[in-house]
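The values are calculated or read from the model by the stated rules, or taken from the named source; none is laboratory data. Worth saying up front: this structure is predicted, and the values here are computed from it rather than measured. Because the Cβ atoms are built from the backbone with ideal geometry, glycine has one as well, and the counts that use them run over all protein chains shown. Each accessible area value is taken on the protein alone, full model and side chains, heavy atoms only, with ligands, DNA and RNA left out. Shrake-Rupley method; radii C 1.70, N 1.55, O 1.52, S 1.80 Å.
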Amino acid sequence: DSEETIDISSSLINVTGDFDFEQPIILSKEQGGTHTAGVIQYAYVLYRLNGTTTKLSPLSSLVSLDNGELGGGNINEIVSEYPVVKIPTIDQNYTNLRLYSIKYTSYNELPEIRLILDKNVENTTELTYYDAGSFINNISLDEFTFLGSNTVYIPQHINTKFNRLFSA
């Protein structure tokens with residue numbers, strides 16, 4: 001990052017930065033991919049490397065992944081369609097974006113939450129992502145719930161190593 005710390009706004013040094021989000025938009029569904037039957041929605045966070053992160057964006061609307069005109073599908077049945085997701089506004093004060101998918105495959109079951117994109121978005125004002133079913137890793141519902149929250153961490157100990165402070 002070519003920016004000097006002195007030039008960064010104090011709201012960007014805070015643990016959770018300020019930003020008014022726009023909801024991710026589902027533009028369309030395309031044929032292909034490895035998604036199984038269910039419904040899916042998306043959310044994202046913006047962050048600066050080694051700096052602040054925003055709270056979680058509002059969730060997108062739910063979109064069904066099914067057998068087209070036949071509708072539905074069996075559990076774990078590949079339906080060969082994928083959503084196209086648009087993030088309409090990206091704040092230029094942040095350098096990276098993480099996009100998450102929240103997928104429900106059965107009624108009254110916990111969703112499967114996946115980190116599907118972790119991308120540098122410097123000089124990017126909007127983003128379109130074709131979610132063909134690949135992902136980086138799964139995260140738990142608890143982890144997802146606390147993304148970008150204002151949780152205060154009070155360390156019990158502070159240690160130094162290579163002239164850096166570490167909390168423990």
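Across region 135-147, a minimum of one residue is classified as in a strand (DSSP E or B) and open to solvent by less than 70 Å² (accessible area, probe 1.4 Å).
Suppose the filter is under 30 Å from residue 164 (Cβ atoms), open to solvent by less than 50 Å² (accessible area, probe 1.4 Å) and of a type outside the set (Phe, Trp, Tyr); does residue 63 pass it? For residue 63, the condition - under 30 Å from residue 164 (Cβ atoms), open to solvent by less than 50 Å² (accessible area, probe 1.4 Å) and of a type outside the set (Phe, Trp, Tyr) - is not met.
Among the conditions (1) surrounded by 14 or more Cβ atoms within 10 Å (Cβ to Cβ); (2) out of contact with any Phe, Trp or Tyr (no Cβ under 8 Å at 6 or more places or on another chain); (3) modelled with pLDDT under 90; (4) within 24 Å of residue 123 (Cβ to Cβ), residue 20 misses just one, which is (1). Scanning region 67-122 for residues that are among the aromatic types (Phe, Trp, Tyr), surrounded by 12 or more Cβ atoms within 10 Å (Cβ to Cβ) and in a loop (DSSP other than H, G, I, E, B) gives a single hit, 94. For region 38-61, the criterion of being over 27 Å from residue 146 (Cα atoms) and assigned to a loop (DSSP other than H, G, I, E, B) is satisfied by no residue at all.
Residues that are of a type outside the set (Ser, Thr, Tyr) and within 15 Å of the chain's Cα centre (by Cα) within region 50-82 comprise 55, 56, 58, 59, listed in sequence order.
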